[in-house]
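The values are calculated or read from the model by the stated rules, or taken from the named source; none is laboratory data. If you're wondering where the values come from, they're calculated on a predicted model, not measured in any experiment. For neighbour counting, all protein chains shown are included, and Cβ atoms are generated from backbone atoms with ideal geometry for every residue, glycine included. Just the protein is used for accessible areas: all its heavy atoms, side chains included, with ligands, DNA and RNA removed. Shrake-Rupley method; radii C 1.70, N 1.55, O 1.52, S 1.80 Å.
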Amino acid sequence: MKKPSLVISPSPHVHSGWSVSRLYYETLLALLPVVLGGIYFFGFGVLKPIVFAVIGAVGAEVVWEKAIGRSVTVYDGSAVVTGVLLGLLVSPSVPWWIPLLGAVIGVLVPKHFFGGVGQNAFSTVLVGWAVVFVSYKAIMANYPMPHPAFGMVAGGYVEYPPLEVLKWDGVDVIKDIPIKDLLLGNVPGTAGTTSVIAVFLGGLYLLLRGIIPWQVPVAYLGGAFLFQLVFWLINPARYASPVFHIFTGWMFLGAFFLATEKGTTPLKPLPMLLYGLGCGILTMVIRNWGIYMDGVPFAVLLMNALAPLLDRIKLEPRGRVESLA
Amino acid sequence: MKTIKVAKGLSFPVRQPALAVRKVSPPRRLVYPTGNRWGWLYPEVKEGDAVGAGQVIASSSLPYVPSLKTAISGTVREIIKLPTLQLREGQAIVIEAAEDVSSVSQSVSIGEDASPVEVFKAIMDAGIWEVDDYALPLHLRVAAPEVIEEYIKESGESEFVESLRNIPYRDRAIETLIVNALDRQPQSWVRSHIFASDSDRIVAGVRLLQRLSGAKQTIVAVPSHLADSESTKKVMDALKAEVAVSNGKYPASLEPILILALTGKEMVFPSKNSRECGVAVVDVMALEQLVKAVLESNEDREVTVQVNLSGRREYHLLKCPVGTPVLHIIDHLALNPDSLTKVVLGGDFLGYAHYDLDVPITGEVDVLSLWDTEIFHYKHDPCIRCGFCVRVCPMNLVPAEISMCCEYNRFEEAVGKGIYQCIECGLCSYVCPSHRPMVQLIRHGKQELERAREVS
């Protein structure tokens, strides 16, 4: 009898079916409500920066991996996610090469220079965004208005994103912005940073699927809320209410999509909480006293740098070790 | 009723199929490996010898390796090379059935009112092999220190008794006896089946062990779908035992997790000797074997094994004598052995893949998984630091870091990160999106550390 050829391998012999590509394609699925919300309020123009950012991210990844002789990993979807997220952070009215350049830098510098997917110490999206934002400040300071059908008119109280209004016009003016508009996304801004509900839907999906840990978004939003609550209670004439801050700008996108980028977050529960807390507090610090409109991108980038340090907090393993003779 | 709470771990949907137990046609040829997880056994028979059912065919000079008995009468056909269940190269005794040999039971049969030392001796002679990765075999794990002491006094001086004295934590009293009726891993229902169908034997077995251990507290761990069953009520009333219900998380059934969840005591690693914390865990499969061998003098040594045709989601519960080769079961199920791609003894999460179909079902095997489809392969892709493994590790480790240390031969660093506390449940590898062989690397690291310790 011919002996059958049997596969030998150590246990476990089964797998859950998770894969890197599934992880990123499901993240892409979670971004769908954000993109759709953007299209709803700002028209199909929001797709333009997304398309160029995806082209830049995917192109840079393919060219780089071919050039240095690595196997091309573009099908895992991580570059596409970087591209889509970056596209959501850029106004449709900027020139096409801005998202393209941001995506190329975002994919190459923090990710591929350090070894590829998951090896990025800093968020690919935010590095790409920060480079173009700092380099082309005038071009980037440009935000679309929601479609006129939603009742916004040029010259009204919100010609600028709510946080910009807060920065220049003070706390009194933003009181006029209805919370409903903030939740739905009926305010000026880039597609990813306006609609709280769309981002929350996507983030909830990621949470329920277990793709992102609950600690980071909860600590992020909670930390920012509590920090701002203290200052708002002390001086409501100077500081905006925590509710306004939570529902405005990059906050939700940062908590659910940017701060949780694989490779940049700590792995253990307590460090993740501290990381989220740090992100939230730094965001509020920059918003309250910084020169930038929104604190999220730089807060997350700063905490990215701290993440490996936080991860050194030891998780106490269960069980004791005997002294080995 | 208590609930067994497992921090982390992973819930698997319990969709238990209705399984009827069938008897495998009696095999003519039985194979007995001369080694188990506790060590090696030396054959006491030669080729051509006639052996009777119940005869000891291999034994050890060490007290912590249970002996081996044949389940059928026949002749020793040959002694072949065969790996043990744990895939260590060893020998196996092949016995061919013959009608003209009468059975010679060498078991010590005892009554229900036997003294603890008699129970101790009877269990030792019964040669019970167990599924779980216990540090000590049943009699040494459960016996009260006075019982072992009495046995040592009775037996006089010998090498055997000398090594019995050296059993670690021999002087610790057993306070809690845990009866484990939780299925060992997902897609396995042998233990819950035995618990539901054979509660009389379980009650009798636990009574014996209660006497042997002198334990004040007995806890019976049952899966949630059996929480209100007849057998749970019966066991609860008969034993005055506490019942703890599992919430269906894997790996609630593994010894360190079970002890932690039920008593709050942490085990010592790497020896995993439950005597140290005064707890003894015994699973219902071992109890059934024990009662059959010790109280009923039943030498058929029949075990229940679940056969999973994993590619097709087909499950069978079979009864067969210890020593039935896997090939016999494959023939019984009318499968073509040439079409199989993988044969795993011991379950999808904790089992061993075997290449030789002569490997038998023993007391160490609860599940036999057969694949005839494509096999999943782990690969060395880089870690993407998603943290999935940290979220499921029941021992609170960071498997990603430990496995990376092992991958780059930094074993001492892995010790600092808790490599010894890994119970090898396999969940980290199971959930890893990069398909990294994490628990496999950790196992490799433990072996290398063990080797380094032996050399030094």
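Within the range A:112-122, being on the phi < 0 side of the Ramachandran plot, open to solvent by 10 Å² or more (accessible area, probe 1.4 Å) and within 14 Å of another protein chain (Cβ to nearest Cβ) holds for A:F114, A:V117, A:Q119, A:A121, A:F122.
For every residue, the table says whether it meets (1) open to solvent by 10 Å² or more (accessible area, probe 1.4 Å); (2) touching a strand residue (DSSP E or B) at 6+ places or on another chain (Cβ under 8 Å); (3) not basic (K, R).
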| site | (1), (2), (3) |
| --- | --- |
| B:P137 | no, no, yes |
| B:E149 | yes, no, yes |
| B:I174 | no, yes, yes |
| B:A215 | yes, yes, yes |
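When A:V109, A:V125, A:V131 are screened for being crowded, with 21+ Cβ neighbours inside 10 Å, of a type outside the set (S, T, Y) and under 19 Å from the mean Cα position of the chain (by Cα), only A:V125 passes.
Residue-wise test of (1) open to solvent by less than 40 Å² (accessible area, probe 1.4 Å); (2) under 22 Å from the mean Cα position of the chain (by Cα); (3) under 23 Å from B:D183 (Cβ atoms); (4) assigned by TED's automatic domain parsing to the domain that holds B:D237.
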| position | (1), (2), (3), (4) |
| --- | --- |
| B:Q16 | no, yes, yes, no |
| B:V21 | no, yes, yes, no |
| B:S25 | no, no, no, no |
| B:R29 | no, no, no, no |
| B:Y32 | yes, yes, no, no |
| B:W40 | no, yes, no, no |
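Considering only the range A:231-253, I want to know if a residue exists there that is within 14 Å of chain B (Cβ to nearest Cβ) and buried (at least 24 other Cβ atoms within 10 Å of the Cβ). Within the range A:231-253 (the criterion being within 14 Å of chain B (Cβ to nearest Cβ) and buried (at least 24 other Cβ atoms within 10 Å of the Cβ)), the answer is no, since none of the residues qualifies.
Restricting attention to the range B:250-295, the residues being part of a loop (DSSP other than H, G, I, E, B) and closer than 27 Å to B:D113 by Cα number 1. Does any residue of the range B:375-383 turn out to be in contact with a strand residue (DSSP E or B) (Cβ under 9 Å, 6 or more places away or on another chain), open to solvent by 10 Å² or more (accessible area, probe 1.4 Å) and at pLDDT 90 or above? Within the range B:375-383 (the criterion being in contact with a strand residue (DSSP E or B) (Cβ under 9 Å, 6 or more places away or on another chain), open to solvent by 10 Å² or more (accessible area, probe 1.4 Å) and at pLDDT 90 or above), the answer is no, since none of the residues qualifies. Residues in the range A:37-55 include none that are open to solvent by 20 Å² or more (accessible area, probe 1.4 Å), assigned to a helix (DSSP H, G or I) and within 14 Å of chain B (Cβ to nearest Cβ). Condition check: among the polar types (S, T, N, Q), open to solvent by less than 70 Å² (accessible area, probe 1.4 Å), within 14 Å of chain B (Cβ to nearest Cβ) and more than 29 Å from A:I39 (Cα to Cα). Does A:Q215 satisfy that? Yes: the conditions hold for A:Q215. When A:A191, A:A224 are checked against the criterion of being of a type in the set (A, V, I, L, M, F, W, C), within 14 Å of the chain's Cα centre (by Cα) and surrounded by 24 or more Cβ atoms within 10 Å (Cβ to Cβ), A:A191 stands alone in meeting it.
For every residue, the table says whether it meets (1) modelled with pLDDT under 90; (2) more than 17 Å from the chain's Cα centre (by Cα).
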position	(1), (2)
B:I178	no, no
B:D183	no, no
B:I194	no, no
B:R207	no, yes
B:A221	no, no
B:I259	no, no
B:S271	yes, no
B:A280	no, no
B:L287	no, no
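Scanning the range A:158-184 for residues that are assigned to a loop (DSSP other than H, G, I, E, B) and either out of contact with any Asp or Glu (no Cβ under 9 Å at 6 or more places or on another chain) or open to solvent by 40 Å² or more (accessible area, probe 1.4 Å) (or both) returns A:E159, A:Y160, A:G170, A:K175, A:D176, A:I177, A:P178. Within the range B:343-353, restricting attention to residues that are within 15 Å of the chain's Cα centre (by Cα) and of a type in the set (A, V, I, L, M), which residue is farthest from the other protein chains (Cβ to nearest Cβ)? Looking at the filtered set, the residue picked out is B:L345. The selection criterion, being assigned to a loop (DSSP other than H, G, I, E, B), buried (at least 16 other Cβ atoms within 10 Å of the Cβ), in contact (Cβ under 8 Å) with a residue 24 or more places away in the chain and within 13 Å of chain B (Cβ to nearest Cβ), holds for A:T265. If you go through the range A:303-325 and keep only what is open to solvent by 10 Å² or more (accessible area, probe 1.4 Å) and touching a Ser or Thr at 6+ places or on another chain (Cβ under 8 Å), you end up with just A:E322.
Scanning the range A:6-36 for residues that are open to solvent by less than 20 Å² (accessible area, probe 1.4 Å), of a type outside the set (V, I, T) and more than 14 Å from every other protein chain (Cβ to nearest Cβ) yields A:A30, A:L31. Before we move on, is A:M251 touching a His at 6+ places or on another chain (Cβ under 8 Å) and closer than 27 Å to A:Y25 by Cβ? In short, yes. For the range B:331-352, a residue qualifies if it is in contact (Cβ under 8 Å) with a residue 40 or more places away in the chain and either under 25 Å from B:Q91 (Cα atoms) or outside any loop (DSSP other than H, G, I, E, B) (or both), and the qualifying residues are B:H332, B:L345, B:G346, B:G347, B:L350, B:Y352.
The residue that is nearest to B:W189 (Cα to Cα), counting only those in the range B:296-326 that are touching an Asp or Glu at 6+ places or on another chain (Cβ under 6 Å) and assigned to a strand (DSSP E or B), is B:K319. The residues listed here are A:F227, A:F200; of these, the one that is aromatic (F, W, Y) and closer than 18 Å to A:L28 by Cα is A:F200. Filtering the range A:201-213 to residues that are without any contact (Cβ under 8 Å) to a residue 60 or more places away in the chain and under 15 Å from the mean Cα position of the chain (by Cα) leaves A:L204, A:L207, A:I212, A:P213. Where helices (runs of 4 or more DSSP H) sit wholly within the range B:354-456, those with at least 3 residues that are at the interface with chain A (Cβ under 10 Å from one of its Cβ atoms) and free of Cβ contacts under 8 Å to residues at least 40 places away in the same chain occupy B:438-455. Just so you know, in the range A:291-325 the residues that are closer than 30 Å to B:M267 by Cα and of a type in the set (A, V, I, L, M) include one that is farthest from the chain's Cα centre (by Cα), and it is A:A325. Number of residues in the range A:70-95 that are part of a helix (DSSP H, G or I), more than 12 Å from the chain's Cα centre (by Cα) and within 20 Å of A:L258 (Cβ to Cβ) equals 4.
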